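The values are calculated or read from the model by the stated rules, or taken from the named source; none is laboratory data. All figures in this text were calculated on a predicted structure; none of them were measured in a lab. Note: areas computed on protein heavy atoms with side chains; ligands, DNA, RNA excluded. Shrake-Rupley method; radii C 1.70, N 1.55, O 1.52, S 1.80 Å.
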Amino acid sequence: MKDVRGVPRGRRMRLVAVVLAGAGAVVGGLLVAREMNAPDFGIEAAARGGTPQCARIARAYPDGFGGRGRDGTSLPGVGVWGGGDITARCGVEPPAPTTDACLSVDGVDWVWRPLRPGSTRRVLVTYGRDPAVEITMSGRFAGTDEVLVEMSRAVAPVPQHDRCVGDEDVPLPG
């Protein structure tokens, strides 16, 4: 049976199926390529970054800090802002009891991690929560308070099982 265009119906249906399959393959390939090429900013996901709890925390990460918007990344549990000026990684190993400087922001305890020699980056990790979240800020970013307030909101739903014993009046660097 032929339709009005003179092309047999079965042949036309096969042609439509081939075109749709080809279009699907192209779109799928583009999505995979986009995901594979998403910048990782030299960051690695934490060992437990792919857990459901880290997925919930990462969804609560803020859209921006001090004019630095959130960058796209395909790494589970990771947030990046300002081209890597600020990063967050959920699922890092919770810190053991420590004498490192510690402060509490809106009920969330954060421990300052020692810097590598020559580094200007500031590193903080939630204390007494599992999974733990690590924040890293470049020396170019001066809004440590803003980051800690916003990130404390994101991690506050994680139950706190321990409190840090450091001086809560530690001045914030930078």
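With N counted as the residues of the range 73-174, its alpha-carbon radius of gyration over 2.2 N^0.38 Å works out to 1.00. Annotation: per residue accessible area for the range 45-174 equals 47 Å², rounded to a whole number [probe 1.4 Å, protein chains only]. To put it simply, the accessible area of the range 63-174 at a 1.4 Å probe is 50 percent carbon and sulfur.
Fully extending the segment from Arg56 to Arg70, taken as 0.36 nm per residue of separation minus the present Cα-Cα distance, adds 3.4 nm. Taking each residue as 0.36 nm, the span from Leu115 to Thr98 lengthens on full extension beyond its C-alpha to C-alpha distance by 4.6 nm.
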